[in-house]
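These notes concern the structure reproduced below.
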Amino acid sequence: KHVKCGGRNDSPDCPKLLEKFRAAPVYLQLKTDDDFRTLAEEIALVNQVKNFLESGRLFYLSIPPYAYANVAQSIDQHC
């Protein structure tokens, strides 16, 4: 919403790239190990279908600090 095209280094492809960027994020509520396994399966499927080659993953955690350790462990085990 707040990311815009414009500025010194703007490309003519910016509007197209910006739309693609905005469509990419996915927000999920993950509570159980099954949820994390399903997420890993979905990521693998998208990578296969779109022929993506991963170089890493970024997870944004909107959780309270006391949950970090458990969530990080689940991500490490399943994703």
So which pairs qualify, if the first residue must be in the stretch 40-55 and among the acidic types (Asp, Glu), the second must be open to solvent by less than 100 Å² (accessible area, probe 1.4 Å) and assigned to a helix (DSSP H, G or I), the Cβ gap must be under 8 Å, and the two must be at least 6 apart or on different chains? Glu54/Asn47
Of the residues in the stretch 17-40, those that are among the aromatic types (Phe, Trp, Tyr) and within 25 Å of His78 (Cα to Cα) come to Tyr27, Phe36
I'm trying to understand the selection: among the residues of the stretch 16-38, which are in contact (Cβ under 8 Å) with a residue 12 or more places away in the chain and in contact with a helix residue (DSSP H, G or I) (Cβ under 7 Å, 6 or more places away or on another chain)? Leu30, Asp33, Phe36, Arg37
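The values are calculated or read from the model by the stated rules, or taken from the named source; none is laboratory data. This one's a predicted model, so the numbers in the text were calculated from it and none came from an experiment. Heads up, the Cβs are rebuilt from the backbone with ideal geometry, glycines too, and the neighbour counts pull from every protein chain shown. Remember, those area values only see protein heavy atoms, side chains included, never the ligands or the DNA or RNA. Shrake-Rupley method; radii C 1.70, N 1.55, O 1.52, S 1.80 Å.
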